[in-house]
Amino acid sequence: MDHNPSGRRPHYHRGRRGTDRRGSDRRTPQSAEQGARPSADQVDVDQIMREIRNRISQRHGIELSTQQIQDLAARRLEAILEPRNINPTLLEQLRKGAAAPPDPLPPGTDTADSFADDAIYAGSPVVRFFRRLFNPLLKLLFNPSAVVGALQAQGRLNRAAATRAAELERRQTEWNALHYQIVQRLVTEVSRASIEMQALSQRVEALAGRVDFNDHRVRALESAPPPARSPRPQEPAPAAPPAPASTAQPEAANTATSSAPAVDAPRRRRRRRRGRRGSIAGTDASPTAVPANAAVPEDTADLDEGDEEGVEELPAGESAAEPVIDSILANREPAAESNVLPAPSMPEPVALPSPGPAPEPSPVDADPERTPVASAGESTPAAPAQSSDPNTPGR
Amino acid sequence: MKFAFVTARYGADITAGPDHACRVLAEQVSSRHDVDVLTTCARNPQTWKNEYSEGTDRVRGALVRRFAVSQARDEHAFGQFSARVLAGPRSRADELEWLRRAGPWSAGLIDFIRRQHKSYDVLVFFSLCSPVTVAAATLAPERTIVFPYLQLQPALRFDVGAEILSAVRGVGLISGTERHLLRSYMRVTPQHDEVVGIGIDPSPEQSYPRHQQDPADVVVDDDAMSAGGEDDVPASYLEGRGVPFRRRHRLYGPFALYSGRVEPNNGCEEMLDYFDTFAASDGDTSLALMGVKMMKVPDEPYIRLAGVLPERQRMIACEAADVTIAPSADDLVAQPLLESLAVGTPVLASACNSAAVEHCRRSNGGLYYSNRGEFVEALRLLMTNSRLRSRLGENGRNYIRQNFRWDAVLGRFDRLVSKARAR
């Protein structure tokens, strides 16, 4: 049974973005044949990671390879260690110690260094015989067992001390290797950081140059003579429909109406968006305000790259560009605003023929989604323009 | 054969570490052999408090015998003792005392092994840093296998660990990086060793419930609709897996998935921080966090919390994701990573986890990152290049199919056991 004969999206799918964006290649069920044969075009993860690291390095302005940085760091390390003041063999030992694993502990020497009880009687057989013979006499004079015990204790202490010394030496070797590695890595990182710093300082200089250039450009634009503006009505005439051009209308109206048919449908849609985004006034602009900005100069369009498109696409029936330009200039230099863009003189509204009743609101105005409330992420450049431009319709 | 698996903790809620590896291995081995799991009543490795009830229970085919922990861990005293032992010269007694204080010390468990070890054919110990392993692994070394779960930590320098690994008959490894530590760092050449790992069985081709196969549930592409393709409803779309997860969590755009406990120890803080940088440049990608939330997660529109899901659902989530992120730095088992590779989803792993990096390099199924820049670049590459994703995914599937299916893992385990039992 077909639950969806029309093929349209059900209501609970509204707002969904569609199917899986990964495509169908990954979604095909796996088969045994696929698993058995190796993939035709292999990827190398190490190669990909190298490329990623290279890309990061290039973006940071580092064009040296890792090996080059390590060579540079090795030279710096030698400069830090000052080979003239340090024994070169010591440096070599440190390098070897860092590279080689630590030596294991020497085996115990219990039997070799042990002190036997009859060791004090050792000697040639004749001497040993006489020593044995006079041993009772010797024991009358002093106690040799205590001497033997003391010597044995001393031997044990010596062995423990040797073990401890070996352990300490091993540990010291490990510590030396560790310190050497730490210093080496620190120097490498310092070298890397200094290279990055140089690259960043060059980038800062480049950006500062661009800022200066932009400042000069803004100053040049500010010092330029204000563009000639045609007058436009102070109050829109809501009752006037967009009438066709007539010979009785002023020249401005002729200009506006003659340019209106040249605009195609997509342009009109963009105009509406632009007008909604540009200013609140755009939504309130009545068709009767058409002649007002018909003479907006095209040369102001290169004021800012971001607004170039909007200014070039200035609609014939909206006045959104003026607040945009005003807002930019107001942000640049609010004090000089009156000199830069003087408020145009307010002519009397053009007397348009009013053939019929007031027109219905346009779909743009009627659409609740197109209410002139900017979303949170949307820039609202019209806000300062409203305060600076008293001609903004709607005020 | 009768096996005794000895581990410090045992439970379904333990999803990482040697205890997790023990559980999944014991459950699989119990289908072929008689398996007793000898463990403690502890659940939390920080306190080692007795939280499970003492006694015997059968869990998924394995007979679990729990013994009470004799001595809870005093964190302060252990810290002081640890600083003294690890920093200065130490004796064997110091090392044993350190391990005993690190816990869990269970006199009953050790006594049971001492009395009953002859009734088992093979004793399998997990974690070298467990006092139970140190105390009982040498009781019958000719029938003992140790899974040491080696990580680069100060306790790895203890001589007692090297002695045990040299004495026992076999050493099982979870990851290939352990072998490097074993031979290069500890300088131990075991009698027999084998990289066993854990197995992953990708979920079989499944048909979703009837109501989800309803044609009315088909999500139609906007472009297809606008192109007048009312008949172009992709017929194979429902065959693709991962759809329920996307639908349930309203993830209709590209998204990356993290699977595991959401806690700082698993590298989640770093991952969220890095992803925030990525999301600043690519606001279309979401990050789904699947697991218990143990830390504060920033309230960002691109973060989705998927909660705790059973294993089957986890696999479906991995299938649905474009990329799986594995930020954990010390998880040798790396089960989320393996699960993701098994279903053909490429992985972005932390380079601090040598086991994860090894999986990525051997499989050519994922990338890894060691800093923010690499994370952002690698994730951007993976999210934008579907061809690369599909290749990595295929490589990952092949890698898991060849190395980490349960039959392969159990084959390696059996080989290790047979080597250990050979006279």
Within region B:249-262, can you find the residues that are in contact with a helix residue (DSSP H, G or I) (Cβ under 9 Å, 6 or more places away or on another chain) and without any contact (Cβ under 8 Å) to a residue 60 or more places away in the chain? B:HIS249, B:TYR252, B:VAL262
Of all the strands (runs of 3 or more DSSP E) wholly in region B:34-104, which have at least 2 residues that are modelled with pLDDT of 90 or more and in contact with an Asp or Glu (Cβ under 8 Å, 6 or more places away or on another chain)? B:62-67
Note down all Cβ pairs under 8 Å where the first residue falls in region B:48-62 and is farther than 14 Å from B:ARG9 by Cα, the second is among the hydroxyl-bearing types (Ser, Thr, Tyr) and not in a loop (DSSP other than H, G, I, E, B), and they're at least six residues apart or on different chains. none
Extreme residue, farthest from B:PHE413 (Cα to Cα), among residues of region B:125-143 that are in contact (Cβ under 8 Å) with a residue 60 or more places away in the chain and touching a Leu at 6+ places or on another chain (Cβ under 7 Å): B:VAL132
Sort out which residues of region B:359-369 are more than 7 Å from chain A (Cβ to nearest Cβ) and part of a helix (DSSP H, G or I), and write them in order of number. B:HIS359, B:ARG362, B:SER363
Give the number of residues within region B:22-33 that are assigned to a loop (DSSP other than H, G, I, E, B) and either of a type in the set (D, E, K, R) or out of contact with any strand residue (DSSP E or B) (no Cβ under 6 Å at 6 or more places or on another chain) (or both). 2
Farther than 23 Å from B:LEU181 by Cα and out of contact with any Asp or Glu (no Cβ under 7 Å at 6 or more places or on another chain): does that describe B:LEU337? no
Kindly indicate whether any position in region B:343-356 is at positive phi and in contact (Cβ under 8 Å) with a residue 24 or more places away in the chain. yes
Which numbered condition in (1) in contact with a Lys or Arg (Cβ under 9 Å, 6 or more places away or on another chain); (2) touching a residue at least 60 places away in the same chain (Cβ under 8 Å); (3) of a type in the set (S, T, N, Q) is the only one that A:ASN176 fails? (1)
Flag for A:VAL147 being hydrophobic (A, V, I, L, M, F, W, C), away from every other protein chain (no Cβ under 14 Å) and under 33 Å from the mean Cα position of the chain (by Cα): no
Tell me, yes or no, whether region A:151-170 has at least one residue that is closer than 30 Å to A:ALA74 by Cα, β-branched (Val, Ile, Thr) and either in a helix (DSSP H, G or I) or in contact (Cβ under 8 Å) with a residue 12 or more places away in the chain (or both). no
Condition set touching a residue at least 40 places away in the same chain (Cβ under 8 Å) and assigned to a helix (DSSP H, G or I), scope region B:144-175, selection farthest from B:ALA107 (Cα to Cα): answer is B:PRO154
Where in region B:274-330 are there strands (runs of 3 or more DSSP E), lying fully within it, with 2 or more residues that are touching a helix residue (DSSP H, G or I) at 6+ places or on another chain (Cβ under 9 Å) and crowded, with 23+ Cβ neighbours inside 10 Å? B:286-290, B:323-326
Restrict the check to region B:337-353 and report whether at least one residue is in contact with a His (Cβ under 9 Å, 6 or more places away or on another chain) and within 11 Å of chain A (Cβ to nearest Cβ). yes
At pLDDT 85 or above, farther than 26 Å from B:ALA356 by Cβ, assigned to a loop (DSSP other than H, G, I, E, B) and out of contact with any Pro (no Cβ under 6 Å at 6 or more places or on another chain) - does that describe any residue in region B:176-188? no
Taking B:GLY373 as the residue in question, decide whether it is surrounded by 22 or more Cβ atoms within 10 Å (Cβ to Cβ) and touching a helix residue (DSSP H, G or I) at 6+ places or on another chain (Cβ under 9 Å). no
Region B:261-278, residues that are at pLDDT below 90 and in contact with an Asp or Glu (Cβ under 8 Å, 6 or more places away or on another chain): B:ASN266
Checking A:GLU92 against (1) surrounded by fewer than 11 Cβ atoms within 10 Å (Cβ to Cβ); (2) over 30 Å from A:GLU174 (Cα atoms); (3) among the charged types (D, E, K, R); (4) modelled with pLDDT of 70 or more, the condition it does not meet: (2)
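The values are calculated or read from the model by the stated rules, or taken from the named source; none is laboratory data. Keep in mind that what you see is a predicted model, and the values were worked out from it rather than measured. Neighbour counts are summed over all protein chains in view; Cβ atoms, including those assigned to glycine, are modelled from backbone coordinates with ideal geometry.
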